[in-house]
1. Of everything in the stretch 68-123, what is surrounded by fewer than 16 Cβ atoms within 10 Å (Cβ to Cβ), at pLDDT below 80 and in a helix (DSSP H, G or I)? Give them in sequence order.
2. Sort through V109, V114 and tell me the only one that's under 30 Å from R362 (Cβ atoms) and either of a type in the set (K, R) or in contact with a Ser or Thr (Cβ under 8 Å, 6 or more places away or on another chain) (or both).
3. Counting only residues that are modelled with pLDDT of 85 or more and assigned to a loop (DSSP other than H, G, I, E, B), which one in the stretch 317-350 is surrounded by the most Cβ atoms within 10 Å (Cβ to Cβ)?
4. If you check K149, K141, which single one turns out to be modelled with pLDDT of 90 or more and surrounded by fewer than 16 Cβ atoms within 10 Å (Cβ to Cβ)?
5. Looking at the stretch 205-233, which of its residues are over 14 Å from P129 (Cβ atoms) and either of a type in the set (V, I, T) or crowded, with 18+ Cβ neighbours inside 10 Å (or both)?
6. For the stretch 374-390, what are the residues that are acidic (D, E) and in a helix (DSSP H, G or I)?
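The values are calculated or read from the model by the stated rules, or taken from the named source; none is laboratory data. Just so it is clear, the structure is predicted and the values come from calculations on it, not from any experiment. Cβ placement follows ideal geometry from the backbone for every residue including glycine, while neighbour counts extend to all protein chains displayed.
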Amino acid sequence: MNNTKAIILGCVIGGAMTALAYTFLLPSDAPSNAAGQSTEPQPLYWVAPMDPNYRRDEPGKSPMGMDLVPVYEESTGGNEGPGTISISPNVVNNLGVRTASVQRRSLHVPIRTVGYVQYNEDTLIHIHPRVEGWVDTLHVKASGEYVKKGEPLYSLYSPELVNAQEELLIAMRRGSDDLINAARSRLDALQMPNEAIQSLISSKKVRQTITFSAPQTGFVDNLNIREGFFIKPGNTLLSIGALDEVWVDAEIFERQSAQVTVGLPVTMTLDFLPGKTWEGEVDYVYPTLEQSTRTLRVRLRFKNADYALKPNMFAQITIHSDFDSDNVLVPSEAVIRTGTQDRVVLAFGDGQFKSIAVDVGRVVEDYTEITTGLIDGDQIVTSAHFLLDSESSISSDFKRMEAPDALPSSVFTEATITDVMPSHNMITVNHGAISEWDWPEMTMDFTVANHVDLTSLRQGMGAHIEISKENDGQYVVTTVHIIDDNADTQTINGRTIWTEATINSVMSSHKMLNLDHGAIEAWDWPAMTMDFFVADTIDLSQLEAGMDLHIEITKTGDSDYLVTTIHVKSAEPSSAQSAVVTGTINAINTQSRVVNISREAIPKWDRPAATLDFTVSDAIDISQFTVGADITFTFEITDGNFRILSIQSESQDASMDHSNHGGAHE
């Protein structure tokens with residue numbers, strides 16, 4: 001019995017000591033480490049970097065001998081959309097991933113081509129005779145000789161020149177001024193040098209041979225004569241070209257034609273003078289393409305003071321075409337071209353990447369223009385991006401996450417009032433669909449702005465209402481335009497419709513408006529600009545160009561239409577205020593275009609009658625008005641200045657409205 005008790009007591013003591021040992025000897029961070037290990041993301045599988053279809057359940061090597069890349073659960077899609085992958089920092093480092101920022105800057109696009117040096121044809125002169133004869137002496141012996149202006153080129157024996165000289169001497173002996181002038185004019189027409197004519201007059205001896213001189217300094221080209229040749233008008237004897245400035249004819253591809261304009265800078269090099277560069281400019285772009293080569297000829301102009309450039313030399317040309325507008329540029333090595341799609345890999349940070357599609361523009365040296373798909377400041381991958389793209393492209397939609405378009409802060413819609421709650425300053429309306437906010441047709445309660453008169457509203461009324469979104473997210477009815485009670489009936493029988501419109505001009509004297517209105521399906525009208533007569537009940541003085549309206553158009557005949565109701569949409573206050581008022585002209589200063597007018601009161605501004613100076617618009621003929629005339633005029637106030645926009649004499653016919661319809665009228 002005692003032995004049994006001893007055994008039981010020993011077990012109890014042993015268990016207690018074991019518990020104490022686990023409590024004090026076991027490391028305190030063991031549970032936390034276990035918990036930490038359980039929360040670390042575990043790879044779903046491993047894939048080959050170059051073949052995403054090669055998957056394994058554990059690390060290893062790909063068939064190409066490369067380390068397999070782990071794919072985590074969040075790799076199947078991130079906050080940036082489908083195809084976003086996540087890679088641990090050590091793998092990013094091992095892959096050698098490098099990134100670069102997308103830049104926005106002007107793009108320099110050099111056009112490299114070849115060209116041939118030519119004479120400047122503006123200074124290329126061809127020598128032709130005006131008479132028949134024989135070349136007696138040729139003073140230039142070969143093409144390429146350098147001649148100065150006035151140096152002899154050739155001497156000519158011409159019976160026709162001999163006869164013309166004798167006629168002048170006969171006229172001189174007879175003393176007839178008319179005959180002398182006629183004979184002198186004939187020698188000039190035959191291009192006999194003036195020195196030879198003066199020698200003939202002074203010596204009174206006929207010269208059998210006449211020497212012709214160089215008309216300019218330059219190089220002889222196309223020498224087509226020798227001594228003893230018989231020549232006649234129409235023969236090209238030789239050409240003289242100046243080489244102080246040369247032309248270079250170059251050709252560019254058809255796709256580059258839009259980049260080249262007159263005046264662009266050009267640089268030129270020649271193989272026989274390495275290291276030397278000539279600078280010139282585009283002088284002319286030819287209007288037609290070469291049909292066989294589909295290239296466009298461009299003429300370039302270069303200075304050639306040392307005569308180093310010679311006709312028919314072969315040259316390398318660079319036309320510097322700059323695009324001043326900002327362009328989105330990326331390193332060319334960052335673009336992945338698949339043949340059917342161009343892609344780049346976006347780097348979002350924290351090891352997240354996504355392959356997206358882009359549209360590529362011009363490719364210039366180390367940079368490529370991106371027309372759509374990237375914005376300034378994006379980070380893109382420039383190295384190891386093929387590995388990242390192979391994984392991301394499995395599930396990517398190739399679209400970047402874009403911020404939603406800004407929604408309008410207020411909209412207009414048609415509605416029917418179903419309840420009015422004056423004590424709560426609210427109304428209940430059944431409004432139509434609002435596409436701007438993606439709202440369907442529904443019934444809602446709205447708080448009404450304080451300036452809206454609820455006493456004029458009642459259940460069942462049709463209205464155009466403006467709903468505005470406040471900064472706190474609440475929606476408030478800020479404008480209510482009551483539709484005529486009979487509007488629904490009129491719409492049903494097809495004689496009246498409501499539409500939105502914008503005022504282009506107000507023709508008060510004709511009681512007309514020029515409007516841009518939207519499409520009207522009920523009448524099969526497209527959106528267009530039209531002139532409308534306005535009902536007599538509408539006050540045109542309250543309207544001005546640029547106002548947005550809801551208008552009721554009533555069909556009054558087979559082809560006659562009348563604006564019978566106008567609701568002005570609320571608008572931001574303008575810096576210029578205008579009004580229509582009557583008055584009497586007191587004085588006119590035509591030089592300064594200032595008119596002193598005693599005008600009547602302006603009720604809408606709560607202004608009493610007053611006498612003021614007004615500046616008259618340049619579009620108004622001020623000479624048509626006289627002191628003492630009674631007038632109706634529209635004026636605006638801008639920065640404290642009074643400017644008359646339109647003016648009409650009360651004694652004139654309505655058609656004599658001196659108004660500037662391009663301005664804003666009220």
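1. E73, E74, T76
2. V109
3. Checked the stretch 317-350; the qualifying residue surrounded by the most Cβ atoms within 10 Å (Cβ to Cβ) is V335.
4. K149
5. Passing the criteria: V206, A214, T217, G218, F219, V220, L223.
6. D389 - this is the single residue of the stretch 374-390 that is acidic (D, E) and in a helix (DSSP H, G or I).
Rundown of residues vs (1) in the same structural domain as V206 (by TED's automatic domain parsing); (2) free of Cβ contacts under 8 Å to residues at least 12 places away in the same chain, yes/no style:
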residue: I111; (1), (2): no, no
residue: I127; (1), (2): yes, no
residue: L161; (1), (2): yes, no
residue: R174; (1), (2): yes, yes
